[in-house]
Each structure stands twice: as C-alpha cells, then as structure tokens.
Amino acid sequence: MTTESDKMRRKTRWFMVGAFAVAGLAFVVIAASGINKNLVYYWTPSDLYANGEKAYGATIRLGGMVAKGSIHKIGGSAVEFDVKDHTRVVHVKTTTVPPQMFRENIGVVVEGTMMRGSDGGGYFKSNRLMVSHNNEYKAPKAGHPIDQKSIKKMIESTEGLDSK
C-alpha cells in the first residue's frame, strides 16, 4: 500500500529528473548554437600572431600602441595605421572616424577581425576604434619597449569606451 508520502516522493523525483533533462537540453542547444561566435577576444599583436589561424574570422579587440609614422588617410574617414606591442606589429585598416585624441604613440584598442590580404599577408579590419585617455596614461620614453603588463592594463582601461 502506497502512502501519501511515497506518492509525494515519486512526484518530486520525476520533477527533478525533468528539471535536469530540461537543463541538459538547454546546455546542448546553447553549445550547438555557436555561442563561440559571439565571444570577443582581447589580444595584443603578439597574441594575434601566436593564435595563427584562430585569429581569422574571430571578433577581436586588439590593443597596443599606434606605431610612429604609420598613420595614413586612405580617403574619406578611412585610416590605416600599425598597432604594436613589445615585439610585434599589426597593420590596421578602419573606415570609422578616429577620435580626436588619435595620434602616434597613443594606446589604442581596435575591434574587428583579421583579414587575409591578396599578397598572402593580412591586415586587421577594424569596425571600432578606441583610444586610451584616462588620467593614468603616460607615454613611454623614446625607445622604451612596451611590456605585456602595460598593454593588458591599457586594454582593460578602455573597455566600454566608444569612438564617438
């Protein structure tokens, strides 16, 4: 003879099994739906080169310093320039209007993706350009290499800034 207590335990057990099944199904749907496509990676030029093929097609925030003598206007508001860290340089092309503070030797974060060039090389196509302009920023001395820690700090300090 089943008591009221046994019936309640069975109902609870089936409810728990159903809840775990729904949660598992939701996890599978999220994983299969390509959530990875919505991730944005924060990388330095060295990180970008280290990741090789993974860099192409992924949305990336590339942080570094604008290399001296690399800024060139290419028509309208389009600009191309080089972003560097302590060891590597990445060529960037953007059609967004650069912020007023944009110049050589300033910290910059560009959002976009790495593109393959027709010459076998590549460039970074940016759809968002942000500059570091907090009161903690100090330009490095001439010839001073930029270390990885400084680049990471600069990237974090520009999160959420727009190129308005």
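Here are some notes:
- In this calculation the C-beta distance from Thr3 to Ala31 is compared with R0 = 35 Å, giving a FRET efficiency of 0.25.
- Phi-derived couplings, Karplus 6.51 cos²θ - 1.76 cosθ + 1.60 at θ = phi - 60°, listed residue by residue for segment 79-87: 9, 10, 6, 10, 10, 10, 10, 6, 10 Hz, with x used for Gly and Pro.
- Val92 long-range amide H proximity, modeled H, under 5 Å: Phe81, Asp82, Val83, Phe124
- Sites Tyr41 and Phe15, calculated FRET efficiency, Cβ-Cβ separation with R0 41 Å, nearest 0.05: 0.50
- For Gly64, the residues 5 or more places off, or on other chains, whose built amide H falls under 5 Å of its own are Val108.
Every number here is computed from the coordinates shown, using simple stated rules; none is lab data. Owing to the predicted nature of the structure, the values given are computational and were not obtained by experimental measurement. Counting neighbours? That spans all protein chains shown, and the Cβs are built from the backbone with ideal geometry, glycine included.
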